[in-house]
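Scroll down for the structure; my scribbles are underneath it.
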Amino acid sequence: MEILRSKGEKLYSVFDKMASRGEYVVNLLHGQFGEDGGVQTLAALSGLIGTFGDPYVASLTMNKFAMSSFVSALFSAEIVRVPKTHLIKPQQMHDAIRISSSFRRPIVVKPNSLGSSQLTALFQDALSSKEKIVHLLGSIFEYDSAALLQEFIPGSEYSCGCLVGSSGVIPLPVVKIEAPSSFFGPYEKRTITVQQQKVLDRDDPMGAILKSISTMIASAVGICNIVRFDFRITDHSEVYFLECNYIPALGGDNIFNQMLHHHGMTVIDLISFTALNSKPYARKAHLTHDTGWG
């Protein structure tokens, strides 16, 4: 309580105080800084214990383009695919319409490393929407250093969460999003109800496939504590990886809450599980002398 009343204090000073007291901290900061490696770096430097995890892993998962490239290298296209995607930087604005028009399907324009689907939109026809696309890219570049032009994959949206303990990865029940719109954008994420979140049966074959894929990704990346992966599944059962949510939202009727509920856990149970069983992040020592190799 003393720390909470310290107005204007720098975050690193607060972290140092909590670390000196041996306090365990559950990080629920979303989006920029909370998930992109910033707060994870401060926690590691302070020696603060909690659910922060590896700063490098946080940076990777927050970068949608890099994370998709990682998943694409991890699996063959027969198992997991990634949508056709172009990374656009501010200096490439003049090429954005030409690139977007090269897509045969509708395209999704979104930031490369912002959370909660902020500034994300679906365009059925890129050529007729060029002014809107340019305007959206301009808005994205105010907050992000890169944007994505990505093909929209027809099909259904699925999500699979995982708990990561010291003994390994525990996949949670898979949720199928049954929103009226086939596009699960920022508006849909804010208005989705529990009734639109169908939890797959334990023996559902698609659920088993997504659990296996999610477990492999979480293990390969080096996730600590919790994570949620989003996928699109086509009518031909092709699996497309969309993105990784390093810190899933836990409020209200959120998707991760439904996964926990059907796993027999509450958010309070999750915090207890994390504190007792989480996979700890240990900062490696820096190599500062000549080892004789070279």
Restricting attention to the range 135-147, does a residue exist that is assigned to a strand (DSSP E or B), touching a residue at least 24 places away in the same chain (Cβ under 8 Å), open to solvent by less than 50 Å² (accessible area, probe 1.4 Å) and within 27 Å of residue 59 (Cβ to Cβ)?
yes
What tally of residues in the range 48-74 results from selecting those that are open to solvent by 50 Å² or more (accessible area, probe 1.4 Å) and either within 14 Å of residue 222 (Cβ to Cβ) or among the small types (Gly, Ala, Ser) (or both)?
7
Would you call residue 173 touching a Gly at 6+ places or on another chain (Cβ under 9 Å), assigned to a loop (DSSP other than H, G, I, E, B) and within 25 Å of residue 39 (Cα to Cα)?
no
In this structure, does residue 127 turn out to be open to solvent by less than 30 Å² (accessible area, probe 1.4 Å), at negative phi and out of contact with any His (no Cβ under 7 Å at 6 or more places or on another chain)?
no
Filter the range 130-155 for residues that are of a type in the set (Asp, Glu) and at positive phi and give the result.
none
Considering residues that are of a type in the set (S, T, N, Q), part of a helix (DSSP H, G or I) and surrounded by fewer than 18 Cβ atoms within 10 Å (Cβ to Cβ), the number found within the range 75-124 is 3
Quick check on this structure: which one of 285, 249 is over 23 Å from residue 77 (Cβ atoms), at pLDDT below 90 and open to solvent by less than 80 Å² (accessible area, probe 1.4 Å)?
249
List pairs: first in the range 194-220 and open to solvent by 60 Å² or more (accessible area, probe 1.4 Å), second part of a helix (DSSP H, G or I) and small (Gly, Ala, Ser), Cβ under 8 Å, 6+ apart or cross-chain?
201/207
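The values are calculated or read from the model by the stated rules, or taken from the named source; none is laboratory data. In this text, all values refer to a predicted model and were calculated from it rather than measured experimentally. No Cβ is skipped: glycine too gets one built from the backbone with ideal geometry, and neighbour counts run over all protein chains shown. The area values use the complete protein model at the heavy-atom level, side chains included, leaving out ligands, DNA and RNA. Shrake-Rupley method; radii C 1.70, N 1.55, O 1.52, S 1.80 Å.
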